[in-house]
Amino acid sequence: MTPILYSFRRCPYAMRARLALIAADQRVYLREIALRDKPAAFLAASPKATVPVLVTDQAVIAESLQIMQWALAQNDPAGWLQMPPEAAIWIARCDSSFKTALDGVKYASRAPEALPAHRANAIAFLSDLNASLGLWLYAKPSLADAALLPFVRQYAMIDPDWFAAQPWPRLQDWLARFLASEAFVRAMQKQPLWQPDAAPLAFP
């Protein structure tokens, strides 16, 4: 069977999964859903009820990094899996402390007293990332770049003028090249919300 990907366009976790599917040229049927009105088929596939979810004939994969790894295990023409072991540390920092800080800044009205700490933690991560970047995190594009970029993009969108004024030239260039890339354009193409009676929508 052709795998089915439940996705939400703006979710950075779903975005990184779609980027890996594009890099692998791995065909799936895309089902764009609304998180405020989750379809029954999605909830049946994954009681966790968060996107992305990939349904294959062998398993249901409900973690974005596992979907990326699954896709690239099928086909990895650009060598995205060829990266040093410390890449896992960057991804773990992104998905834990930076994601917490990102949400704390983006939704500051929920806990304004915590905003300075969240902003400081985000700046520490982004400053470290800027210092570590060349054109890419390593010698060439890798899974690590695709795993981090959707979250850096989300943070930059909170206040684009502030982000552009920071002393992070390599980080800003890295993000700008990502936003101008064909892969990003393909990953962010708007799709109609999936309906149970809809014809399959092939992606990428």
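Can you pull out every residue in region 10-43 that is surrounded by fewer than 16 Cβ atoms within 10 Å (Cβ to Cβ) and more than 10 Å from residue 204 (Cα to Cα)?
10, 34, 35, 36, 37, 40, 41, 43
Hey, among the residues in region 150-201 that are of a type in the set (A, V, I, L, M), open to solvent by less than 70 Å² (accessible area, probe 1.4 Å) and not in a helix (DSSP H, G or I), which one's farthest from residue 40 (Cα to Cα)?
So the residue we want is 188.
I'm trying to understand the selection: among the residues of region 27-37, which are in contact with a strand residue (DSSP E or B) (Cβ under 9 Å, 6 or more places away or on another chain) and in a loop (DSSP other than H, G, I, E, B)?
Across region 27-37, the qualifying residues are 27, 33.
Restricting to region 46-68, give me the number of residues that are of a type in the set (Gly, Ala, Ser), farther than 20 Å from residue 24 by Cα and either open to solvent by 50 Å² or more (accessible area, probe 1.4 Å) or touching a residue at least 12 places away in the same chain (Cβ under 8 Å) (or both).
Adding up the residues that qualify gives 1.
Report yes if residue 71 is open to solvent by 50 Å² or more (accessible area, probe 1.4 Å), of a type in the set (Gly, Ala, Ser) and modelled with pLDDT of 95 or more, otherwise no.
When the stated conditions are applied, residue 71 does not pass them.
Quick one: how many residues across region 1-16 are under 16 Å from residue 190 (Cα atoms) and touching a Ser or Thr at 6+ places or on another chain (Cβ under 6 Å)?
2
Can you confirm whether residue 141 is modelled with pLDDT of 95 or more, open to solvent by 20 Å² or more (accessible area, probe 1.4 Å) and assigned to a loop (DSSP other than H, G, I, E, B)?
So residue 141 passes the test.
Go through region 74-94 and give me each residue that's open to solvent by less than 60 Å² (accessible area, probe 1.4 Å), in contact with a Phe, Trp or Tyr (Cβ under 8 Å, 6 or more places away or on another chain) and part of a helix (DSSP H, G or I).
Result: 87, 94.
Among 98, 42, which is the only one that is in contact with a strand residue (DSSP E or B) (Cβ under 6 Å, 6 or more places away or on another chain), in contact (Cβ under 8 Å) with a residue 24 or more places away in the chain and in a helix (DSSP H, G or I)?
Of 98, 42, the one residue that is in contact with a strand residue (DSSP E or B) (Cβ under 6 Å, 6 or more places away or on another chain), in contact (Cβ under 8 Å) with a residue 24 or more places away in the chain and in a helix (DSSP H, G or I) is 42.
Quick check on region 45-71: of everything there that is touching a Leu at 6+ places or on another chain (Cβ under 6 Å) and part of a strand (DSSP E or B), which residue is farthest from residue 190 (Cα to Cα)?
That would be 61.
Among 99, 106, which is the only one that is at pLDDT 95 or above, of a type outside the set (A, V, I, L, M) and open to solvent by less than 60 Å² (accessible area, probe 1.4 Å)?
Among 99, 106, only 99 is at pLDDT 95 or above, of a type outside the set (A, V, I, L, M) and open to solvent by less than 60 Å² (accessible area, probe 1.4 Å).
The values are calculated or read from the model by the stated rules, or taken from the named source; none is laboratory data. Values in this document were obtained by computation on a predicted structure and should not be read as measured data. No Cβ is skipped: glycine too gets one built from the backbone with ideal geometry, and neighbour counts run over all protein chains shown. Protein only, heavy atoms only, side chains kept; ligands, DNA and RNA dropped before computing areas. Shrake-Rupley method; radii C 1.70, N 1.55, O 1.52, S 1.80 Å.
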